[in-house]
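Okay, so here's the structure we're looking at.
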Amino acid sequence: MRIDADVVIVGTGVSGLFSALKLPADKKIVVITKSDLESSDSFLAQGGICVLRDEQDYESFFEDTMRAGHYENRKESVDIMIRNSRSIIDELVHYGVSFERGADVGFIYTKEGAHSRRRILFHEDVTGKEITEKLIQNVKKLSNVQLYEYTTMTDFIVNGGVCEGIIAENKERRIEIRATDTILASGGIGGRYKHSTNYPHLSGDAISIAGRYGVRLENLDYIQIHPTTLYSPRPGRRFLISESVRGEGALLYNKKKERFVDELKPRDFVVKAIYKQMEADGTDHVWLSVERIPKETVLNHFPHIYQHCLEEGYDMLNECIPVVPAQHYFMGGIWADKNSHTSMPHLYAVGETSCNGVHGANRLASNSLLESLVFARQAANHIIKEAK
Ligand code: SIN
């Protein structure tokens, strides 16, 4: 089967969906996803989405992002992300996304590790689900967008070094999708790990194919491990215990129920301390306690985490829960410039698949949804500009 389109988008996390929404209605857009529409890591994001609080916050937001990234971040990309953050939030609200608000105070902000200030908007502990669901609803209203679920990209179509679309496959057929522009938004690589917070089908397909064509890749060894996932002896995806739980005051304990680390240091620092402690204790997890967090905050801000722990046999209001680090995020990927354009003409990469330099060597918590949305819009704007 052959489909002709203006743009083909691979992936239905926030970066793929937002790219589709930001392209003009007269473009014929085809969106494919390897599983169902909702099974993306964006959907699983718990903590929230960063935003520049006010002009005075610029320098500390910039510095927090750079420090967490070991100053290996591309400064221009960090600046673009921060400067665009408020307008991205305005657009999300326009698409129906709801963030926690307080009576008379407007938005309420939470905190996570390595942030010097509260600047994270959230929707309970399911911010990614809230954003992704609303974007899916809006994309479904677009008559110029065709969605294909359970369809896997297997190759690019390349002619004279230029990307002219992709080859995809589903249970019924092989599909040749010819398009002027291709946007890769196919997520990370957690499916390749035994212990990951990611969906198992996210296995870096786009990165492997790009590598075969000599498309520039960057920082392939920059993998982020999240400090706190719920310990389970069973195989399968690890359940995240959001960093915002520590942001709101949760403490990490060793086997003697003593603290051993500053819980709000950057992720890579906390992970190293946990592994060291597990080795010293001869255990396969450490403990997380929410005893310092008011009960109403646990129940209102973290209802799904609370419920999931209960189902696993832990009442976090009355006892510590066992937590262990797991693979969470890929900072490297397909190199992309500030317009999300890769080294191959007419090929774009956005979201976790891409490496636009925002995150450097270690991502600051809750920068990923924001970075994905900002650079999805950059890609759409560039495609529009180039078409003119
Ligand atoms: C979390 O809620 O801890 C994850 C958020 C993120 O990865 O930025």
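The values are calculated or read from the model by the stated rules, or taken from the named source; none is laboratory data. Please read these numbers as outputs of a predicted model, since none were measured by experiment. Counting neighbours? That spans all protein chains shown, and the Cβs are built from the backbone with ideal geometry, glycine included. Please note that ligands, DNA and RNA were not included when accessible areas were found on the heavy atoms of the full protein model with its side chains. Shrake-Rupley method; radii C 1.70, N 1.55, O 1.52, S 1.80 Å.
For the reader, a short list of remarks on this structure follows.
- If you check Pro303, Pro227, Pro235 for being open to solvent by less than 10 Å² (accessible area, probe 1.4 Å) and touching a residue at least 24 places away in the same chain (Cβ under 8 Å), only one passes: Pro227.
- Here Tyr193 fits the description: hydroxyl-bearing (Ser, Thr, Tyr) and within 16 Å of the ligand (Cβ to nearest atom).
- If you check Ala349, Ala326, Ala365 for being farther than 22 Å from Glu63 by Cα, within 12 Å of the ligand (Cβ to nearest atom) and in contact (Cβ under 8 Å) with a residue 40 or more places away in the chain, only one passes: Ala326.
- Among residues of segment 96-126, those that are closer than 19 Å to Ile82 by Cα, open to solvent by less than 50 Å² (accessible area, probe 1.4 Å) and not hydrophobic (A, V, I, L, M, F, W, C), counted: 6
- Residues of segment 93-107 satisfying the condition of being in contact (Cβ under 8 Å) with a residue 12 or more places away in the chain and part of a loop (DSSP other than H, G, I, E, B): Tyr95, Gly96, Val97, Ser98, Phe99, Glu100
- Single match in Ala387, Ala379 (criterion: more than 16 Å from the ligand (Cβ to nearest atom), touching a residue at least 60 places away in the same chain (Cβ under 8 Å), surrounded by fewer than 24 Cβ atoms within 10 Å (Cβ to Cβ) and of a type in the set (Gly, Ala, Ser)): Ala387
- Considering segment 214-236, the residues that are of a type outside the set (S, T, N, Q) and within 14 Å of the ligand (Cβ to nearest atom) include one that is farthest from Tyr348 (Cα to Cα), namely Leu230.
- Count of segment 163-206 residues which are closer than 15 Å to Ile9 by Cα and touching a strand residue (DSSP E or B) at 6+ places or on another chain (Cβ under 8 Å): 21
- Candidate set: segment 315-340, residues that are open to solvent by 60 Å² or more (accessible area, probe 1.4 Å) and of a type outside the set (Asp, Glu); chosen: the one farthest from the chain's Cα centre (by Cα): Asn318
- Of residues in segment 150-173 being polar (S, T, N, Q) and either touching a Lys or Arg at 6+ places or on another chain (Cβ under 7 Å) or in a loop (DSSP other than H, G, I, E, B) (or both), the one least open to solvent (accessible area, probe 1.4 Å): Thr151
- Flag for Lys134 being of a type in the set (Lys, Arg), more than 16 Å from the ligand (Cβ to nearest atom), within 30 Å of Glu386 (Cβ to Cβ) and not in a strand (DSSP E or B): yes
- Residues in segment 343-360 that are surrounded by fewer than 22 Cβ atoms within 10 Å (Cβ to Cβ) and on the phi < 0 side of the Ramachandran plot: Ser343, Met344, Pro345.
- Sole residue being more than 27 Å from Ala114 (Cα to Cα), surrounded by fewer than 22 Cβ atoms within 10 Å (Cβ to Cβ), touching an Asp or Glu at 6+ places or on another chain (Cβ under 6 Å) and modelled with pLDDT of 95 or more, chosen from Arg178, Arg216: Arg178
- Residues in segment 237-261 that are away from the ligand (no atom under 16 Å from the Cβ) and among the polar types (S, T, N, Q): 1 in all.
- Considering segment 1-92, the qualifying helices (runs of 4 or more DSSP H), each wholly inside and each with 3 or more residues that are away from the ligand (no atom under 16 Å from the Cβ) and hydrophobic (A, V, I, L, M, F, W, C), run over 14-22.
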